[in-house]
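Heads up: the structure comes next, in structure tokens.
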Amino acid sequence: MADCLRKVAAGGLPLRECAEALGLDGLALLLASDTGLPEPLHLHGPLARPLEDLQLVHGEGPGWDAAQRGTTLFVPDLSAPAVTRWPGLTPAVQDLGVRAVFAFPMRIATVRIGALLGHRRAPGLMTPRQLRDARAFAGAAAHATLQRNGWLTDRAGLPFAAVHEATGALVERLGVSPEYALLRLRSHAFRHDRSLLDTARAVLGGGLDDV
């Protein structure tokens, strides 16, 4: 983990290395926003993107709680009866093959920057050392954000760039606010059990007149 932290301080983004060091199958780095919808900035692992998509559609989840509220969350077994925090989201996340999630706020003092969300395909706790390392990485990422390192501020290749483009297209088509346009996208994806990215791409392709 020391190598990962040095790379972050130097402007790098070693998500794959950090995930391996933390015993995780995937990581997502989320940025808090004034809209209440955390922005996925960088992802690692095949399930990271669909997991973030589900959180965007449902409007809830561990990454959201960590990014917007500064809450640290450890859910080592999503199938446990005691997991009732996200009743609509949890079954869908399990259907992806995710069995455990761990969310760490990215913050400096009382300023919330975003969150680091890790997941596993198998249930189980992180070790005390892994938890300490994850907090250290989240802190380093928070400082890197404030220093405006390029890997955080260059949004040309955002994982959900198509959602922003489709939102703009709906604003122009319907004459509504960006917030309402995004709500329509999310609602359509939820009603039709479709990913938000697929819904956005369909809008950009000239389809989905009912959005």
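The values are calculated or read from the model by the stated rules, or taken from the named source; none is laboratory data. Note that the structure is predicted; figures quoted are calculated from it, not measured. When we count neighbours, we look across all protein chains shown, and the Cβ atoms used for this are built from the backbone with ideal geometry, even at glycine.
Pairing residues of region 172-183 that are over 19 Å from GLY206 (Cβ atoms) and hydroxyl-bearing (Ser, Thr, Tyr) with residues that are part of a helix (DSSP H, G or I) and modelled with pLDDT of 95 or more, at Cβ distances under 8 Å and at least 6 apart in sequence or on separate chains, gives SER177/VAL171.
Among the listed residues ARG132, ARG120, ARG191, identify the single one that is free of Cβ contacts under 8 Å to residues at least 12 places away in the same chain and farther than 20 Å from LEU37 by Cβ. Outline the logic, then answer.
Working: ARG120 fails: free of Cβ contacts under 8 Å to residues at least 12 places away in the same chain; ARG191 fails: farther than 20 Å from LEU37 by Cβ.
It is ARG132.
Every listed requirement among (1) surrounded by fewer than 16 Cβ atoms within 10 Å (Cβ to Cβ); (2) within 19 Å of ALA48 (Cβ to Cβ) is met by LEU116 save one, (1). Here PHE104 qualifies as of a type in the set (A, V, I, L, M, F, W, C), in contact with a helix residue (DSSP H, G or I) (Cβ under 6 Å, 6 or more places away or on another chain) and over 26 Å from ARG194 (Cβ atoms). The single residue among ALA66, ALA92 that is surrounded by 13 or more Cβ atoms within 10 Å (Cβ to Cβ) and under 19 Å from LEU15 (Cβ atoms) turns out to be ALA66. If you filter region 165-182 down to residues that are surrounded by fewer than 16 Cβ atoms within 10 Å (Cβ to Cβ) and not charged (D, E, K, R), you find that the one that is nearest to ALA92 (Cα to Cα) is TYR180. Among the residues of region 96-147, the ones that are at pLDDT 95 or above and among the hydroxyl-bearing types (Ser, Thr, Tyr) come to 1 in all.
Regarding region 27-48, can at least one residue be identified that is buried (at least 20 other Cβ atoms within 10 Å of the Cβ) and among the β-branched types (Val, Ile, Thr)? Looking through region 27-48, none of the residues is buried (at least 20 other Cβ atoms within 10 Å of the Cβ) and among the β-branched types (Val, Ile, Thr).
Residue-by-condition table, conditions (1) modelled with pLDDT of 95 or more; (2) of a type in the set (Asp, Glu); (3) assigned by TED's automatic domain parsing to the domain that holds VAL111; (4) under 20 Å from VAL163 (Cβ atoms):
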| position | (1), (2), (3), (4) |
| --- | --- |
| GLY26 | yes, no, yes, yes |
| LEU31 | no, no, yes, yes |
| LEU47 | yes, no, yes, yes |
| LEU51 | yes, no, yes, yes |
| GLN55 | yes, no, yes, yes |
| GLN68 | no, no, yes, yes |
| LEU78 | yes, no, yes, no |
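State whether the residues of region 132-140 include one that is surrounded by fewer than 21 Cβ atoms within 10 Å (Cβ to Cβ) and among the hydrophobic types (A, V, I, L, M, F, W, C).
If we filter region 132-140 for residues that are surrounded by fewer than 21 Cβ atoms within 10 Å (Cβ to Cβ), which is where we start, we get 132-133, 135-136, 139-140.
Of the ones still in play, those that are also among the hydrophobic types (A, V, I, L, M, F, W, C) are 136, 140.
The answer is yes, given that some residue of region 132-140 is surrounded by fewer than 21 Cβ atoms within 10 Å (Cβ to Cβ) and among the hydrophobic types (A, V, I, L, M, F, W, C).
Scanning region 1-43 for residues that are under 20 Å from PRO123 (Cβ atoms) and either of a type in the set (S, T, N, Q) or part of a strand (DSSP E or B) (or both) returns GLY26, LEU27, ALA28.
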